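Q: Encoded as structure tokens, here's the structure I'll be asking about.
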Amino acid sequence: IQEGKFRHFFKKKDEEFVFVKAFYLDVYAVTNADFLLFVQSNPEWSKSKVSRLFADSNYLKHWEGDLLIGEKNGAINNSPVTNISWHAANAFSKWKGKRLPTTTEWEYAASADIDNREATNTTNILQIILDWYAKPTPAILPPVGSTFKNKWGVYDMHGLIWEWVFDFNNNVLNADSRSKDSIDLNLFCGASGNNATNKEDYAAFMRYGYRERLKGAYTVANLGFRCAKSVDEGKK
């Protein structure tokens, strides 16, 4: 992903744009088959052995066993792995010699549509996301690469799963300060929208709000991840 300026959803200080260094990003999200290889090499991350400090009780619940996705689940081998905690995703990334993308990197890459690297003035990406939000998660997730490829050449940034990022809870949204214990009396209901660069971008509000409510050990049926790598690391 080439370096460039990016209109961050929430303004950083007084700057509407942030500069993003070039980085590598996996074309596809990590699949169940990919994660099985990781668990086989790192059995401490199997569903029966993982510490509850690092993953809740729903970790890999869709697998039949520690090292078995299962014959009945054969259709999901190439589907993105879900029911994965941040800690597990982070461990997988390190095992691959990579890392999780930062929020800014992920949003920068995900802001591109099919034809443009900056899609803030178009509606097709927003509509794709909103249409996806409107549907329940299917029992069997489609395989990676089943949605659109954006201008960066990356698939499924929207419309398939939510994705972990390294600093997933670094933006605190204070959406309602009507509590009698509130210290800042100038805050008001909906204050989380104060610094948004595009207050009509409901999809981004959903992403940031969702991330804020996660904890590192949480696992969700439609939350997976993909890996990133710094350019300097890639040259080693």
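Q: Using a 7 Å offset from the Cα along the Cα-to-Cβ direction at both ALA75 and TYR24, what is the distance between the two label points in nm, to one decimal?
A: 3.4 nm
Q: Please calculate how many Å² of accessible area the range 84-164 carries per residue, with a 1.4 Å probe and no DNA, RNA or ligand atoms counted.
A: 45 Å²
Q: Please say if the range 69-114 is rounded, prolate or oblate, where rounded means a/c under 1.5 for a ≥ b ≥ c the square roots of the C-alpha gyration tensor eigenvalues, and otherwise the choice is prolate for a/b larger than b/c and oblate otherwise?
A: oblate
Q: Here are some pairs, LYS5/LYS135; LYS94/LYS149; LYS47/LYS215; LYS49/LYS94; LYS94/LYS229; which of them have Cα atoms lying more than 22 Å apart in this structure?
A: Beyond 22 Å between Cα atoms: LYS5/LYS135; LYS94/LYS149.
Q: With all protein chains present and a 1.4 Å probe, how do HIS62, HIS158 order by accessible area, largest first?
A: Sorted descending by solvent-accessible area, the residues read HIS62, HIS158.
Q: Using Cα-Cα distances under 8 Å and only pairs 6 or more residues apart, what relative contact order does the range 33-139 have, in percent?
A: 19 percent
Q: What is the distance, in nm, between label points placed 7 Å from the Cα along the Cα-to-Cβ direction at ASP167 and at ASP115?
A: 3.4 nm
Q: Whole number please: convex hull volume per residue, Cα atoms of the range 84-168, in Å³.
A: 112 Å³
Q: Oh, and also: What accessible surface, in Å², does a 1.4 Å probe find on LYS94, ignoring ligands, DNA and RNA and rounding to the nearest 10?
A: Using a 1.4 Å probe on the heavy atoms, I get roughly 140 Å².
Q: Could you tell me the relative contact order of the range 15-76? Use alpha-carbon pairs under 8 Å, at least six residues apart, and round to a whole percent.
A: 29 percent
Q: To the nearest 10 square angstrom, how much accessible area does ILE128 have with a 1.4 angstrom probe?
A: 60 Å²
Q: Kirkwood hydrodynamic radius, the range 31-76, all distinct C-alpha pairs: what's the number in Å?
A: About 10.8 Å for the range 31-76.
The values are calculated or read from the model by the stated rules, or taken from the named source; none is laboratory data. This structure is a prediction, so every number in the text was calculated from the model and none was measured. As a convention, Cβ positions derive from the backbone with ideal geometry for all residues, glycine included, and neighbour counts pool all protein chains shown. Note: areas computed on protein heavy atoms with side chains; ligands, DNA, RNA excluded. Shrake-Rupley method; radii C 1.70, N 1.55, O 1.52, S 1.80 Å.
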